[in-house]
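Have a look at the structure below, then the notes.
The values are calculated or read from the model by the stated rules, or taken from the named source; none is laboratory data. Computed from a predicted model, the values in this text were never measured in an experiment. Don't worry about glycine lacking a Cβ; one is built from the backbone with ideal geometry, like all the others, and counts go over all protein chains shown. The area values use the complete protein model at the heavy-atom level, side chains included, leaving out ligands, DNA and RNA. Shrake-Rupley method; radii C 1.70, N 1.55, O 1.52, S 1.80 Å.
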Amino acid sequence: MNMQADPAAMGVPAPGQPRTLAETGLTVVMLRDIMLKTVFRKSIETTREISEAIRLTTGLTQQLIDQLREAGLMQATGTMHAGASAEMGFQLTDTGKARAADALAQSEYYGPMPVPLAAYKKQVTAQSVKNIKITRQRLLKAMGHLILPSNLLDQLGPAVGSGRSVLMYGPPGNGKSSIAEGIRAALGDNVWIPHAIEYAGQVITLYDPIVHTPVEQVDDGDSLRKTNLRVDTRYILCQRPTVMTGGELSLDMLDLKYNPVARTYQASLQLKSSGGVFIVDDLGRQAEPPQTIVNRWIVPMEMGYDILALQSGEKFEVPFDTLVVFSTNYHPNKIFDQAALRRIFFKVLIDGPNQAEFLKIFAMVAKKKKFELDEASLVHLLKKKYPEINNVYANFHGQFLIDQMIAACNFEGLPYRMTPDLVDRAWANLFVEEIDIVH
């Protein structure tokens with residue numbers, strides 16, 4: 001869902017709108033070719049339509065149209081389009097179509113003009129995740145729906161506020177993933193994300209609708225129009241991004257993704273997460289060893305930049321402005337050497353709840369699901385069942401057990417009320433008994 005916000009009140013400096021074609025930072029050839037490809041692919045004609053497609057002002061768009069007309073690549077259609085502005089239409093000449101086809105053969109990218117990498121680096125610095133001031137109240141607000149040990153925020157607060165890497169470890173099912181999401185929510189504000197960036201004549205698509213959530217600007221008339229005139233519309237105002245990966249993470253996801261058919265580049269996952277959070281969940285479940293994955297992050301985490309490579313083999317630096325959160329069920333000493341642990345700035349143990357905390361979670365879930373609790377059944381659970389596993393509680397147990405009992409009630413046509421029999425049936429699905437299976 002889009003959020004509403006006034007860009008002028010966001011606190012993050014907005015990228016300034018280029019006033020001349022030279023201020024876009026792009027070569028005349030790139031400006032010309034992207035416009036030709038866009039008009040060719042989208043079949044648009046008016047200056048306004050083309051301006052919206054390439055994300056430049058109508059004034060700069062008209063300058064480009066005039067240049068292309070002088071070069072014999074575009075021409076007026078001779079008809080005025082209906083509407084308040086009664087705009088003149090434009091179309092590609094045969095020469096322009098041939099040039100567009102030639103440009104598409106080199107790269108299928110069309111649409112919004114890219115932002116030069118150097119300009120993007122300046123914007124990343126201006127809206128750095130390290131600039132955010134995280135307070136206890138802000139973190140509590142973001143994680144108020146979670147039941148956490150009282151001392152956990154003492155450790156998480158400085159970790160998140162520093163913008164440095166965080167390793168959360170502990171037994172499975174105790175909310176590490178939920179806490180990671182809460183960290184993202186605590187960041188709160190928004191950032192400007194370019195549709196694409198340009199380096200060495202290559203366009204790299206950065207905006208990803210799966211990762212980036214646009215912020216809907218509040219339409220208050222003249223103020224919004226004035227704001228839009230000041231802001232480089234090649235950028236989109238978005239919530240600070242969150243990239244979450246799990247066992248599917250592979251090292252090639254951290255490199256540029258090249259499409260050999262379209263001859264286009266897509267940004268790496270960590271580049272898409274700039275200004276936000278990159279969560280590596282279930283560390284230790286990936287095909288590559290945890291040590292190898294962390295080694296890939298060592299230079300970026302320490303130096304604040306990453307090194308990527310084009311298909312030609314040319315390497316270049318991109319900003320690395322991401323709060324990296326690692327989450328694992330393994331003890332750090334078993335999966336990392338000391339050098340790697342030293343480079344992960346904060347290590348936070350996420351342990352299971354005690355009995356009082358478990359009961360609080362259990363009651364909260366039951367209330368939410370309208371499941372009636374029963375004192376005798378709770379005593380049966382605590383005194384008969386949990387001693388079987390040495391009274392080790394996990395945060396996920398409450399949700400799991402109640403869902404199991406509700407499923408049994410639905411099947412048997414019983415009211416949603418806890419009984420010792422339902423507890424036994426739910427408990428049987430919580431663990432798998434160790435037996436030898438004969439084939």
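For the condition under 22 Å from the mean Cα position of the chain (by Cα) and under 18 Å from Ile236 (Cα atoms), Ala119 qualifies.
Considering only residues that are of a type in the set (A, V, I, L, M) and at pLDDT 65 or above, which ones fall in the stretch 66-87? Walk me through it before giving the result.
Keep residues of the stretch 66-87 that are of a type in the set (A, V, I, L, M), which gives 68, 71, 73-74, 76, 80, 82, 84, 86.
Selection gives Leu68, Ala71, Leu73, Met74, Ala76.
Within the stretch 84-124, track down each residue that is in a helix (DSSP H, G or I), touching a residue at least 24 places away in the same chain (Cβ under 8 Å) and of a type in the set (S, T, N, Q). Result: Gln106, Gln123. Residues in the stretch 170-183 that are open to solvent by 40 Å² or more (accessible area, probe 1.4 Å) and within 22 Å of the chain's Cα centre (by Cα): Ser177, Ser178, Glu181.
How many residues does the stretch 50-65 hold that are open to solvent by 60 Å² or more (accessible area, probe 1.4 Å) and either in contact with a Ser or Thr (Cβ under 7 Å, 6 or more places away or on another chain) or modelled with pLDDT under 95 (or both)?
Filtering the stretch 50-65 for residues open to solvent by 60 Å² or more (accessible area, probe 1.4 Å) gives 52, 55, 58, 63.
Keeping just the survivors that are either in contact with a Ser or Thr (Cβ under 7 Å, 6 or more places away or on another chain) or modelled with pLDDT under 95 (or both) gives 55, 58.
The qualifying residues number 2.
Comparison of Ala126, Ala101 shows that the only residue that is within 23 Å of Glu23 (Cβ to Cβ), in contact with a Phe, Trp or Tyr (Cβ under 9 Å, 6 or more places away or on another chain) and either surrounded by fewer than 18 Cβ atoms within 10 Å (Cβ to Cβ) or among the acidic types (Asp, Glu) (or both) is Ala126. Close contacts from the stretch 125-148, counting a first residue that is under 24 Å from Gly352 (Cα atoms) and a second that is of a type in the set (S, T, N, Q) and part of a helix (DSSP H, G or I), with Cβ to Cβ under 8 Å and a gap of 6+ residues or different chains, come to Leu146/Ser178.
Among residues belonging to the stretch 408-429 that are open to solvent by 50 Å² or more (accessible area, probe 1.4 Å) and closer than 15 Å to His380 by Cβ, point out the one that is modelled with the lowest pLDDT. Working first, answer last.
Filtering the stretch 408-429 for residues open to solvent by 50 Å² or more (accessible area, probe 1.4 Å) gives 410-417, 420-421, 424-425, 428-429.
From what's left, closer than 15 Å to His380 by Cβ: 417, 420-421, 424-425, 428.
On the way: Arg417: 96, Pro420: 96, Asp421: 96, Asp424: 95, Arg425: 95, Ala428: 92.
The qualifying residue modelled with the lowest pLDDT is Ala428.
Scanning the stretch 317-329 for residues that are open to solvent by less than 10 Å² (accessible area, probe 1.4 Å) and in a strand (DSSP E or B) gives Val318, Leu323, Val324, Val325, Phe326, Ser327, Thr328. Taking the criterion of being assigned to a helix (DSSP H, G or I) and among the basic types (Lys, Arg), the only residue of the stretch 18-32 that qualifies is Arg32. In the stretch 136-153, what residues are in contact with a Lys or Arg (Cβ under 9 Å, 6 or more places away or on another chain) and either part of a helix (DSSP H, G or I) or of a type in the set (Gly, Ala, Ser) (or both)? The answer is Ala142, Leu153. So which pairs qualify, if the first residue must be in the stretch 331-345 and free of Cβ contacts under 8 Å to residues at least 24 places away in the same chain and under 15 Å from Gly170 (Cβ atoms), the second must be open to solvent by less than 40 Å² (accessible area, probe 1.4 Å) and of a type in the set (A, V, I, L, M, F, W, C), the Cβ gap must be under 9 Å, and the two must be at least 6 apart or on different chains? Qualifying pairs under 9 Å: Asn333/Leu341.
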